[in-house]
Amino acid sequence: MTAFWTEPDFDDHELVQLVRDRKSGLTAIIALHSTHLGPGAGGTRFWHYADPKDGLRDALRLSRGMSYKNAMAGLPMGGGKAVILAGLDKVKTPEMLAAFGDAVGALGGRYVTAEDVGISEADMVAVSQRTPYVSGLPVEGQGAAGGDPGPFTAMGIYLGIKAAVKHKLGKDSMAGVHVAIQGTGSVGGGVARLLAADGAKLTLADIDADRAAKLAAELGGASAAADAIMDAACDVFSPNALGAVLDDAGIARLDCPIVAGGANNQLARAHHGDQLAARGILYAPDYVINAGGIISVALEYLCRRDGEACSVDTVNQRIAQIPERLEQIWAESDASGISADKVADSMAQKLIGR
Ligand code: NAD
């Protein structure tokens, strides 16, 4: 592996650690971008990378993203991310998870981990046998914070879409507002249900066409082919599946005044935020609008650490602040002519002392 500081995604990360455990066969990278606001929090990804450099890039990029997301969510947490480099067979053993837990523990709380792609709640329970610096563990009682972050993420996005509709279209109600949703999984499906209850007009798409069609039938919406949803004439396009959908071709296809959804890393490159702004499309920066899940995960961790009770109500109160943050970003963007994504980035950088 080449020196990480020559990687274009290296951004003065405080620590980048390669973890090798010969006995279990674990190879992992832990990247701590910033602990300026608190312990670096961000999940662990278990993925097979044909080239390990791609794993390093993911760890660098995703940990910086977590610094920005946690800062903008008002959490006393920094940004970190771990990547376990899976073999081609994608075998994950208890010994690997134990060795990974020991590596997290050795950082003494500077990094707090949780689930990400390829890592389950049961995996995190296994990691938590070796280190206390773990979140995303099973909920500990009725009404307690924690559990599946998807519904919390969906709630933040729903509130963010309402704020965007108010800001751009001057509407206080979602009745009849047409939202095209790409991806009807945990997050997109949750957003669709919340919007349907408000009388929004929905068009749903998923590469699992059955999934989208079933939800559309249940909610009284329409479904579209996955490869056609970005062409839908609508009020809001809500990406809730893949990252990088907002590239040259994707932005050219959009027929909507607002983009607001939960997928991570929606902008393929930095200049795509300018392209959206140039087309007069209001953009809700992804890591601001999709912070509901991390708010839940972080409060679960902080409350357990501090021995305090932490309820779902506390989590929801924090999530209710997402629209205000978006408003601040859009107001500054309107006043300065700087695109919303760049306004958000510079707000986040200020918060983490960069
Ligand atoms: P999920 O796996 O539950 O759902 C994703 C859905 O997208 C699936 O139904 C899948 O079939 C569909 N899909 C995949 N490719 C597609 C395509 N090209 N077109 C249309 N549909 C497609 O995942 P999720 O938890 O709902 O996460 C969705 C997005 O939100 C991801 O980008 C994730 O990183 C991001 N996110 C999730 C959370 C969370 O709390 N779950 C938090 C922040 C961000």
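Take Gly79 and tell me if it is within 21 Å of Pro285 (Cβ to Cβ) and under 19 Å from the mean Cα position of the chain (by Cα).
yes
Looking at (1) within 16 Å of the ligand (Cβ to nearest atom); (2) open to solvent by 40 Å² or more (accessible area, probe 1.4 Å), which is the only condition His271 fails?
Single failed check for His271: (1).
Here are the criteria: (1) more than 15 Å from the ligand (Cβ to nearest atom); (2) among the polar types (S, T, N, Q); (3) buried (at least 20 other Cβ atoms within 10 Å of the Cβ). Tell me which single one Ser173 does not satisfy.
So the condition that Ser173 fails would be (3).
Could you check the range 264-287 and list, in sequence order, the residues that are modelled with pLDDT of 95 or more and under 20 Å from Thr113 (Cα atoms)?
Tyr287
Could you pull out the residue among Gly143, Gly108, Gly101 that is of a type outside the set (A, V, I, L, M, F, W, C) and open to solvent by less than 40 Å² (accessible area, probe 1.4 Å)?
Gly101
Hey, could you check the range 146-170 for residues that are charged (D, E, K, R) and at pLDDT 95 or above and say which is surrounded by the fewest Cβ atoms within 10 Å (Cβ to Cβ)?
Lys166
Taking Ala106 and the conditions (1) among the small types (Gly, Ala, Ser); (2) touching a residue at least 24 places away in the same chain (Cβ under 8 Å); (3) not assigned by TED's automatic domain parsing to the domain that holds Ala277, which numbered condition does it fall short on, given that it satisfies the others?
With (1) among the small types (Gly, Ala, Ser); (2) touching a residue at least 24 places away in the same chain (Cβ under 8 Å); (3) not assigned by TED's automatic domain parsing to the domain that holds Ala277 applied to Ala106, the lone miss is (2).
Which residue out of Ala192, Ala164, Ala180, Ala154 is away from the ligand (no atom under 16 Å from the Cβ) and either free of Cβ contacts under 8 Å to residues at least 40 places away in the same chain or touching a helix residue (DSSP H, G or I) at 6+ places or on another chain (Cβ under 8 Å) (or both)?
It is Ala164.
Looking for whichever is on the phi < 0 side of the Ramachandran plot, not assigned by TED's automatic domain parsing to the domain that holds Asp9 and not aliphatic (A, V, I, L, M) here; the options are Lys81, Lys53, Lys69. Which one fits?
Of the residues listed, the single one that is on the phi < 0 side of the Ramachandran plot, not assigned by TED's automatic domain parsing to the domain that holds Asp9 and not aliphatic (A, V, I, L, M) is Lys69.
Can you list the strands (runs of 3 or more DSSP E) lying wholly within the range 1-73 that have 1 or more residues being touching a residue at least 24 places away in the same chain (Cβ under 8 Å) and of a type in the set (Phe, Trp, Tyr)?
The qualifying strands (runs of 3 or more DSSP E) are 44-47.
Collect the residues in the range 171-211 that are among the acidic types (Asp, Glu) and within 23 Å of the chain's Cα centre (by Cα), keeping them in residue-number order.
Asp206, Asp208
Is it the case that some residue within the range 333-341 is in a helix (DSSP H, G or I), within 25 Å of Ser135 (Cβ to Cβ) and among the acidic types (Asp, Glu)?
Looking for residues that are in a helix (DSSP H, G or I), within 25 Å of Ser135 (Cβ to Cβ) and among the acidic types (Asp, Glu), one finds none in the range 333-341, hence no.
Mind checking whether some residue in the range 223-244 is in contact with an Asp or Glu (Cβ under 9 Å, 6 or more places away or on another chain), of a type outside the set (Asp, Glu), buried (at least 21 other Cβ atoms within 10 Å of the Cβ) and free of Cβ contacts under 8 Å to residues at least 40 places away in the same chain?
Yes - at least one qualifying residue is present in the range 223-244.
Of all residues in the range 203-219, which are open to solvent by less than 10 Å² (accessible area, probe 1.4 Å) and more than 10 Å from the ligand (Cβ to nearest atom)?
Ala216 - this is the single residue of the range 203-219 that is open to solvent by less than 10 Å² (accessible area, probe 1.4 Å) and more than 10 Å from the ligand (Cβ to nearest atom).
Being away from the ligand (no atom under 16 Å from the Cβ), buried (at least 20 other Cβ atoms within 10 Å of the Cβ) and in a helix (DSSP H, G or I) is the requirement here; does Gly293 meet it?
No; evaluated as a whole, the condition is false for this residue.
Looking at the range 104-125, which of its residues are in contact with a Phe, Trp or Tyr (Cβ under 9 Å, 6 or more places away or on another chain), outside any loop (DSSP other than H, G, I, E, B) and not hydroxyl-bearing (Ser, Thr, Tyr)?
Val104, Gly105, Val112, Asp123
Going by the structure shown, is Ala197 surrounded by fewer than 17 Cβ atoms within 10 Å (Cβ to Cβ), assigned by TED's automatic domain parsing to the domain that holds Asp235, away from the ligand (no atom under 16 Å from the Cβ) and among the aliphatic types (A, V, I, L, M)?
yes
As an exercise: evaluate Ala298 against (1) open to solvent by less than 60 Å² (accessible area, probe 1.4 Å); (2) in a loop (DSSP other than H, G, I, E, B); (3) aliphatic (A, V, I, L, M); (4) over 20 Å from Ala192 (Cβ atoms) and give the number of the one condition it does not meet.
Of the numbered conditions (1) open to solvent by less than 60 Å² (accessible area, probe 1.4 Å); (2) in a loop (DSSP other than H, G, I, E, B); (3) aliphatic (A, V, I, L, M); (4) over 20 Å from Ala192 (Cβ atoms), the odd one out for Ala298 is (2).
The values are calculated or read from the model by the stated rules, or taken from the named source; none is laboratory data. Keep in mind that this is a model prediction, so the values were computed, not measured. Here the Cβ is made from the backbone with ideal geometry for all residues, glycine too, and neighbour counts use every protein chain on show. In case anyone asks, the SASA skips ligands and DNA or RNA and just uses the protein heavy atoms, side chains included. Shrake-Rupley method; radii C 1.70, N 1.55, O 1.52, S 1.80 Å.
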